[in-house]
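What follows draws every value from the coordinates through simple rules; no lab data is involved. All values reported here derive from a predicted model rather than from experimental measurement. Cβ sites come from the backbone with ideal geometry, for glycine too, and all protein chains shown count toward neighbours.
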Amino acid sequence: MNKNSSDAFDVCIDDAFDFLSQEYADLFDGSDATAFQHPVWLDTLYHKLAPAAAATPLVIVIRNRASGTLAAVLPLLRVRRGPLQTVEFADLRVSDYLTPVCTAKVFSDLLQDEEACQTLRQLVRPFDLLRMSKLPDGRMPIENLLAAPRRTFTETNAYSTALVAPFEQWRAGALSRSYQKELAKKQRQLQKKGALGFSCCDDSASVMAAMEMMKKFRGPRFRAQGDGDLLQRPEYFDFYSSVALRGLGAFVRLHTMKMDGNLIAAVLGLCHRGSFLVIMSAFDIAGYKSQSLGALTFEQVARDCIERGDQVLDFTIGDEPYKKMFGGQPSPLWSVTQAGSIAGSIALFALRQAPWIKLAAKRISEFKLLPART
């Protein structure tokens, strides 16, 4: 363990931490964090979603003791899920990749500071369950930082495809020849229906029009699948709309497809270090049942990304078949879970023993995110 006081860290809770501050912007820009720890994303999550879910901020701030400069931030929440008090990453079902905000080197140095690690472990308590999900890789083993059990695989993967210019070269390499022919046929069919246009929103009016369209088209689709759509809930619509408006032109792109001036498809995504991360899409499937509208839209998204110089099209979490059809390669995701009470131990044991209990608990804890009641 590191005993050099000049290299030691100070750890504290700062629930009023300003994610829009310059020091956090500098930390994020130099970190190994993902787009889901971006200043705009986290500031909106803590101010829009957390209060609606009665989730309490738990922002762990780590500074270099010698200089006082910001070294790392662990953006967490305390969330009441049924009878259990959980501590988890700031997610609330909107983030796909979760990680501490720092470099892998700083994280390694932090693990060597025994005093800082002990302080951090005390600050996250009390909890019934500690849930650290959607961990993208092992560069920052948070289970070691929290003295938690070893990480385990999650049930789903993330998918991304490497982009190369020109578009035709990427298309030939990523899509099978038969799928290329099929999409070309669908494209011709679609163009015969009217004036087809593809563009990105560039002002608040076009953003809100696209968001309303997405809400309209996603509702019936997700009801038919037996699940609910987050965009139908006012707090989530407010969250995604706010992120889109605040990040437009830099952090966010909202792609749209129109037929005779009417919106028929949209894809909302985040821009981060040469990658475009898809977070939400919607299509007028009922109006264009035979035209593979979703696939044609993603093909145009890939074209636009390549023309902008993006290197990766990241479809994020989910094992939907279309991702592989666009050359998406799977990446595993990990989770760390630790019980902090008898109730937490019982719940954790039940989740690991019975798949049907696990499914029920997942639906209760993730979809029906209930506010705490007095």
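Computed on the Cα atoms alone, the convex hull of segment 1-139 gives a volume of 103 cubic angstrom per residue.
Beyond a 23 Å Cα-Cα separation, which of these cross-linked pairs lie in this structure: LYS185/LYS216; LYS48/LYS105; LYS48/LYS324; LYS193/LYS324; LYS181/LYS324; LYS134/LYS289?
Checking Cα-Cα distances, LYS185/LYS216; LYS48/LYS105; LYS48/LYS324; LYS193/LYS324; LYS134/LYS289 exceed 23 Å.
Overall, segment 159-331 carries a charge dipole of about 600 debye about its Cα centre when +1 sits on the Cβ of Lys and Arg and -1 on the Cβ of Asp and Glu, all other atoms neutral. A straight Cα-to-Cα reach below 13 Å connects LYS192 with the aspartates and glutamates ASP260, residues fewer than 8 places away in its own chain not being considered. For PHE127, the amide hydrogen comes within under 5 Å of no other amide hydrogen, counting only partners 5 or more places away or on other chains and with H modelled in the peptide plane.
Model label points for ARG221 and SER204, set 7 angstrom from Cα along the Cα-to-Cβ axis, are 2.7 nm apart.
Only helices enter this figure: runs of n ≥ 4 DSSP H residues, each worth -39500 (n - 2.57), summed and divided by the residues of the chain, yield -10500 deg cm²/dmol at 222 nm to the nearest 500.
The Cβ shell under 13 Å around ILE306 holds other residues with a net charge of -2, Lys and Arg each +1, Asp and Glu each -1. Using a simple spin-label model with pseudo-atoms 7 Å out from Cα toward Cβ, ARG308 and MET325 lie 2.4 nm apart. Screening the chain for DSSP H helices whose Cα atoms reach 18 Å or more along their own axis and whose mean Kyte hydropathy is at least 0.0 gives 293-308. Here the mean projected area of the convex hull built on the C-alpha positions of the chain is 19.7 nm².
Across all C-alpha atoms in segment 159-331, the radius of gyration and Dmax reach 15.5, 43 Å.
The stretch between ALA195 and GLU182 holds 2.6 nm of extra length on full extension. This uses 0.36 nm per residue minus the Cα-Cα distance.
The gain in end-to-end length when the GLN232 to SER290 segment is fully stretched comes to 18.2 nm, 0.36 nm per residue minus the alpha carbon separation.
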